[in-house]
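Colleague: Below you will find the structure I want to go over with you.
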Amino acid sequence: MSLPTFYTGNFMNSTTPPVTAASLPDLAGVDKKWGAFRPVPPFHLAGAPQGPLARLRLGVKDLFDIRGHVTGAGNPDWLATHAPAEHHAAAVQALLDAGADIVGKTLTDELAYSLNGENHHYGTPVNPVTPERIPGGSSCGSAVAVAAGLCDIGLGSDTAGSIRLPATFCGAWGLRPTHGAVSSAGVVPLAPSYDAVGWIARDPATLARTGAVLLPDGEPRRLPSRLLLADDAWALANADVRAGLEARLGTVLAAFAGVTHQTLAAEGFDAWQRVFRVIQGREVWETHGEWITRHQPRFGPEIGERFKWASTIGAEEADAARVERVRITGLLDDMMSDAVLCIPTVSFVAPVKGSPTAADDRTRALKLLSIASLAGLPQITMPAMAANGCSVGLSLVGARGSDRALLDFATAFN
């Protein structure tokens, strides 16, 4: 494939010679094995000639605007009803300015409203760890591209776990930052009070290098010395997950001066995930209801039913859930003021593709994934391997704004 010589960003007046994109890999043939990238003619976009991420390969979830390209959001009707982007998304621009090279747009679940990674229109990216199992979503393509070695950084978004879950299932590292820490300008929204720009990498050093570019300066560089083990969260984990995380958990425990056991959700995580889903559904319909009503898009069956349900959530129900969310957020903020929370990222291993329990699996996953989402807290997930060959994840949840400290810990700890 013949590629031009070019670069982008804020270096257009630089005297440094531009980067040649000829050295960037052509993934058109390679990706047929994995299905990680949006099935359109491949394109490459070279970043700045120099920078902290120079020549790292970047896969961009197809919710992020890239100038001159239509953002498809995982749905062909969205693709057909939107014009090419006039500007790069803010996070994309920052990574290009730091020297990262875009190697393609990665596949997403439709409008990011799923945790499975199974796209009715474009297919299911192949999980490199367990090909017979789902990769998780909605940042499925970014997770698969990273895990398969097709890129170094997988840019994505996380509303209900869409960075944390696919990173876990695909054996990678992932960060959901503090809500609002990274600009979401130029990203197709889902539920704005939950949406966060996050990223996935094969190692914590690359995860941290990306964070140094995207996260704001001036954050605390040290974590509290006390680790909080949420007994009710660990009680949800099945035997494969607990066994797979045993060694990594032991190493984490040894890094903290004190360990405290505590129950997080006295009323149960079922109640927390219901609060999360009601607010999410209300915001989803406020965000996309007008477009859906006007265009009557084709959705996969589960996604269509989910949007239909979202349209039924009334203001009174949503307001009651928001009151409960404020209480939960206050509870978690108090806990995180002098401790780091340690939980399994998700309580079960990746289900097989086409599982009839997909809806129940999503509910089970949200019991743990909704914790950080509800309170807008940063969460890093670290991969481990279960005895059955599946990838599992151990998570640390920190206080608001402790993103860099979590990344520093992960880099030193690994």
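Colleague: In debye, nearest 20, what is the charge dipole magnitude of segment 79-230 about its Cα centre with +1 on Lys and Arg Cβ and -1 on Asp and Glu Cβ, if you could check?
Modeller: Details: 9 positive and 13 negative charges, 107 e Å.
That gives segment 79-230 a dipole magnitude of about 520 debye.
Colleague: Dividing the convex hull volume of the alpha carbon atoms of segment 21-214 by its residue count, what do you get in Å³ per residue?
Modeller: It comes to 98 Å³ per residue, whole-number rounded.
Colleague: For segment 55-133, report the convex hull volume of the alpha-carbon atoms normalised per residue, in Å³, without decimals.
Modeller: In segment 55-133, the Cα convex hull volume per residue is 102 Å³.
Colleague: Still on this structure, I have one more. List the equivalent ellipsoid semi-axes of the chain in whole Å, largest first, each obtained as the square root of 5λ for an eigenvalue λ of the Cα gyration tensor.
Modeller: Those come to 31, 25, 20 Å.
Colleague: Can you spot the lysines whose alpha carbon is less than 25 Å from LYS33's alpha carbon? Ignore those fewer than 8 places along the same chain.
Modeller: Leaving aside lysines fewer than 8 places away in the same chain, those within reach of LYS33 are LYS61, LYS105, LYS353.
Colleague: Name the residue farthest towards the positive end of the dipole of segment 21-214 from the options ASN75, LEU115, PRO52, assuming +1 on Cβ of Lys and Arg, -1 on Cβ of Asp and Glu, about the Cα centre.
Modeller: Towards the positive end, the residue furthest out is PRO52.
Colleague: Give me the percent relative contact order of segment 21-214, please, defined on Cα pairs under 8 angstrom at least 6 residues apart. Intermediate results must be reported in sequence, preceding the final value.
Modeller: On the way: 517 pairs, mean separation 44.0, N = 194.
Relative contact order for segment 21-214 comes out at 23 percent.
Colleague: Ranked highest first by the average count of other Cβ atoms within 10 Å around their residues, in what order do 74-82, 172-180 fall?
Modeller: 172-180, 74-82
Colleague: Work out, step by step, the length gained on full extension between THR293 and ALA412: first 0.36 nm times the residue separation, then minus their alpha carbon distance; give nm to one decimal.
Modeller: Additional length available on full extension: 37.8 nm.
Colleague: Rounded to a whole number, what is D in µm²/s for segment 292-376 from Stokes-Einstein with the Kirkwood radius over alpha-carbon pairs (25 °C, 0.890 mPa s)?
Modeller: Rounded, D is 154 µm²/s.
Colleague: What residues have an amide H closer than 5 Å to that of GLY47, excluding those fewer than 5 places away on the same chain, when H is modeled at 1.01 Å from N in the peptide plane?
Modeller: Residues meeting the amide H criterion: ASP101, ILE102.
Colleague: Still on this model: Can you give me the relative contact order of the chain as a percent, contacts being Cα pairs under 8 Å and 6 or more apart?
Modeller: Rounded, it is 17 percent for the chain.
Colleague: Using only the alpha-carbon atoms, what does segment 120-265 span along each of its principal axes? Please give whole angstrom values in decreasing order.
Modeller: Taking max minus min along each principal axis of the Cα atoms, segment 120-265 gives 47, 41, 30 Å.
Colleague: Rounded to the nearest 500 deg cm²/dmol, what is the calculated helix-only ellipticity per residue at 222 nm for the chain, with -39500 (n - 2.57) per DSSP H run of length n ≥ 4?
Modeller: -11000 deg cm²/dmol
Colleague: Counting Lys +1, Arg +1, Asp -1, Glu -1, what net charge surrounds VAL70 among other residues with beta carbon under 14 Å of its beta carbon? Please list the in-between numbers first.
Modeller: Working: positive: ARG38, ARG67, LYS105; negative: ASP62, ASP65, ASP77, GLU86.
Around VAL70, the surrounding residues sum to -1.
Colleague: May I pose another question? Scan around PHE37 for amide H atoms under 5 Å from its own, H built in the peptide plane at 1.01 Å from N, and keep only partners 5 or more places away or cross-chain.
Modeller: Amide H to amide H, under 5 Å and 5 or more residues apart or across chains, PHE37 pairs with LEU107.
Colleague: Only helices at least 24 Å long along their axis, Cα-based, and averaging -0.5 or more on Kyte-Doolittle count here, so list those DSSP H runs from the chain.
Modeller: 315-336, 358-375
Only the coordinates and a few stated rules stand behind these numbers; no lab work does. If you're wondering where the values come from, they're calculated on a predicted model, not measured in any experiment. Glycine also receives a Cβ, built like all others from the backbone with ideal geometry; neighbour counts cover every protein chain displayed.
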